[in-house]
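Working notes, structure below.
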Amino acid sequence: MADITATNKQILDFNYQLTAQADSFPTLSVLDNTGKIVDNEAFERAELSNDDLINILKRMILSRQLDIRSTKLAKQGRFGFFAPTAGQEASQMASSYAFTDDDWLMPGYRDIPQIVMKGWPIWKAILWSRGHVLGNVYTTEDDKPVNSWMPQIIIGAQYVEAAGIGLGLKKRKKNAVVYAYTGDGGTSQGDFYEGINFAGAYHANAVFFVQNNGYAISTPRAVQTAAPHLAAKGWAAGLPSLVVDGNDPIAVYLASKEARSWAVNGNGPVLIETITNRLEAHSTAGDDPLRYRTKDDIEEWWEKEPLIRMRKLLQDQGIWNEKQEDDYVKEVNQLIDDQIKIADNVDKQKISNFIKNTLEVPSQAMKEQIAKFESEGK
Amino acid sequence: MAVKSYIDAIREAMDLALEKDDDVIIFGEDVGKNGGVFRATDGLQAKYGEDRVFNTPLAESGIGGMAIGLTTQNYRPIMEIQFFGFLFEVMDSIAGQMARNRFRFNGTRSMPIVVRSPYGGGTKTPEMHADNLEGMVAQIPGIRVVMPANPADAKGLLLSSIASNDPVVFLENLHLYRSLKGEVPEGYYTTPLDKAAIAREGDYISIISYGGGVPVALKAAEELSKNGISAEVLDLRTVSPLDIQSIGETVAKTGRVVVVQEAQRMAGVGAAVMSEISERFILSLKAPIGRVAAPDSVYPFGQAENDWMIKSDDVVAKVMEVVNYD
């Protein structure tokens, strides 16, 4: 058999291809599991003041308390559909801390805390969860617009829509980006690829997050795809793509900040895969994780959860203590109680209103139905 | 008034819309330099630049999602789906997202998007290109389906669709693109949405149709007039929502109805017209409603199109059945 040149030999070395894929995405990491800084230069590069560090921790605590209270209330039938967030606070809160009010958020159904951070009142989040349309009016308590869409249920749809927003922001020459979230399961949808590919082709102002939390309902990450890194899917569309320790708030913030800066300066989108874990059920609607994963596995991840390391970091820096945390937890729980009361007192939805909001200009048949339902007080 | 082809009228509408409003943008597969596979956007990129008329990657869901996203920045996207047979690839963006968004946001956000697409057949395209899927889209709440039957309406209805804050699926009959010519008023004008038009006056029987079915119905009406039967042809123009009032008026006038559609019998719009007549105007009827539609098969391969598609003879025969009922 004839010999083959070294280059051609390498091209046809399929084992090498697999090894190269696996080796190409080192994980960005700043803190270890105990909150100790393992990369001082990266920590400095994040340029986080003490106030920033406290704010990030506060956001994470708020998210955790919202998770605990929502889960409890859901069990009492007082909340509605809820997708627990415990374990993902760094991926969600530290990432969103890097974006501004002018940036557009495209959330998935588990990304309620990020929308709240943009000024969406918690009582609206509760209404969304309960299936009340007023939950989808994206304004703050003092009526300022919130640049966010509703939590998306179709797990790739927000990606193609984000490509459009990112292109629009670029065309309007705005100093803003769109940031969109999906999960490991979401990367299997065609829209995931179409979204990053469109955004890449147009060099749109976009940052895409893949929160790789280990499970898409019951389907483990290993069964989701043969790709060794979900970030590698970003390479297929020509995007700079990163793998980040998703339980490390500083690493997530650093990656997000730099990705935003890259995108807003006209360089095109970035994709960030955060390696994290969903510590609880997929949703409060009857999912039992012990049907598809072990207690040991869950416990192991609880030891690596992001609040522990962020709290420890701040305590080591002398800017946070137990009393401050207890006080803040009380404050947050009072806020949630107050917000539930507001949600409880919102008027029932009307069928006539649904029809009025289906088309701006209603048809004859719609007008007839509006009149009928209004006459019945519905 | 100048005589223009159906496709020239459509291109002229987009030209005027681009000229009138900087927020109007056009994108889709091959719509740029190539001017679209049917040349509907020919010359528009050269005139308005790549910023406003541009090609997309070849992925329909991406096109639909991108249109939705662009509305957040106050653009009014006109997106082209190259062939209506490719609709399934963009169905979530159309049915699951843009059609629902006004409702989902409690009326606080609009979706001023036009989904343009050639539909129908008779040009021997490969399979999955030609199709009559309007019935499927017409059943989606929150979206309009507009299907012009002549060049003047094609221009006026497209300009209305672009000005609308509701999403519109604007369907262009690919057989009529170059085969149908007609007088088209000059300059910018709009033709109202949700409003049917009488394409031919008559008083003995009503033929209700839309899009590519209208020229077939008009030809049949001409034949019938030679036998002394005066047929009125109602062109629905917007097939969702239906102009129930105009349907009622023609039924009251003639008392006899034949519904004509190019789509398969089981597919939607004709059935909706018949059910509105049954529910509201049945006492005006002197005979059961007749229906002319394509056979209930999958859209056929190119060589079989001529046998499969409806013809004016089918309409004449159905009219005679209804007329002879008494």
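Rule-based calculations on the coordinates, nothing more; no lab input. Note that the structure is predicted; figures quoted are calculated from it, not measured. Virtual Cβ from ideal backbone geometry, glycine too; neighbours counted across all protein chains shown.
Considering only the stretch A:287-330, state which residues are outside any helix (DSSP H, G or I) and of a type outside the set (A, V, I, L, M).
The answer is A:ASP287, A:ASP288, A:TYR292, A:ARG293, A:THR294, A:LYS304, A:GLU305, A:GLN317, A:GLY318, A:TRP320, A:ASN321.
Considering (1) within 24 Å of the chain's Cα centre (by Cα); (2) within 26 Å of A:TYR159 (Cβ to Cβ); (3) free of Cβ contacts under 8 Å to residues at least 12 places away in the same chain; (4) assigned to a loop (DSSP other than H, G, I, E, B), say which one B:ASP30 fails and leave the rest. B:ASP30 satisfies all of (1) within 24 Å of the chain's Cα centre (by Cα); (2) within 26 Å of A:TYR159 (Cβ to Cβ); (3) free of Cβ contacts under 8 Å to residues at least 12 places away in the same chain; (4) assigned to a loop (DSSP other than H, G, I, E, B) except (3).
The lone criterion from (1) out of contact with any Pro (no Cβ under 8 Å at 6 or more places or on another chain); (2) within 14 Å of chain B (Cβ to nearest Cβ) left unmet by A:ASN205 is number (1). Scanning the stretch A:146-171 for residues that are out of contact with any Lys or Arg (no Cβ under 7 Å at 6 or more places or on another chain), more than 9 Å from every other protein chain (Cβ to nearest Cβ) and more than 14 Å from A:PHE81 (Cα to Cα), we see that the one that is surrounded by the most Cβ atoms within 10 Å (Cβ to Cβ) is A:LYS170.
Among the residues making up the stretch A:257-276, those that are surrounded by 24 or more Cβ atoms within 10 Å (Cβ to Cβ) and among the polar types (S, T, N, Q) are A:THR274, A:THR276. For the stretch B:32-50, indicate whether the set of residues that are touching a Ser or Thr at 6+ places or on another chain (Cβ under 7 Å) and within 14 Å of another protein chain (Cβ to nearest Cβ) is non-empty. So far as the stretch B:32-50 goes, no, none of its residues is touching a Ser or Thr at 6+ places or on another chain (Cβ under 7 Å) and within 14 Å of another protein chain (Cβ to nearest Cβ). The condition of being within 14 Å of chain B (Cβ to nearest Cβ), within 26 Å of A:PRO84 (Cα to Cα) and of a type in the set (A, V, I, L, M, F, W, C) holds for only one of A:VAL346, A:VAL361, that being A:VAL346. Determine whether B:LEU133 is out of contact with any strand residue (DSSP E or B) (no Cβ under 6 Å at 6 or more places or on another chain), closer than 26 Å to B:GLN245 by Cβ and among the aliphatic types (A, V, I, L, M). In short, no. Being surrounded by 19 or more Cβ atoms within 10 Å (Cβ to Cβ) and under 21 Å from A:LEU167 (Cα atoms) is a property that B:GLU60 has.
The residues of the stretch A:51-88 that are of a type in the set (A, V, I, L, M) and under 14 Å from A:PRO306 (Cβ atoms), listed by number, are A:LEU53, A:ILE56, A:LEU57, A:MET60, A:ILE61, A:LEU62, A:ALA86.
Only residues that are free of Cβ contacts under 8 Å to residues at least 24 places away in the same chain and either exposed (fewer than 15 other Cβ atoms within 10 Å of the Cβ) or among the small types (Gly, Ala, Ser) (or both) were counted across the stretch A:342-359, and they come to 4. Taking interchain pairs and intrachain pairs at least six residues apart, which have beta carbon atoms under 6 angstrom, with the first residue in the stretch B:235-250 and within 9 Å of chain A (Cβ to nearest Cβ) and the second part of a helix (DSSP H, G or I) and not hydrophobic (A, V, I, L, M, F, W, C)? Cβ pairs passing all conditions: B:ILE244/A:GLN364; B:ILE244/B:GLU276.
Residues in the stretch A:125-145 that are away from chain B (no Cβ under 11 Å) and either on the phi > 0 side of the Ramachandran plot or out of contact with any Ser or Thr (no Cβ under 9 Å at 6 or more places or on another chain) (or both): A:ARG130, A:GLY131, A:THR140, A:GLU141, A:ASP142, A:ASP143, A:LYS144. Taken over the stretch B:63-102, residues that are within 12 Å of chain A (Cβ to nearest Cβ), over 16 Å from A:LYS170 (Cβ atoms) and in a strand (DSSP E or B) amount to 2. Of all residues in the stretch A:175-196, those that are assigned to a helix (DSSP H, G or I) and within 14 Å of another protein chain (Cβ to nearest Cβ) total 8.
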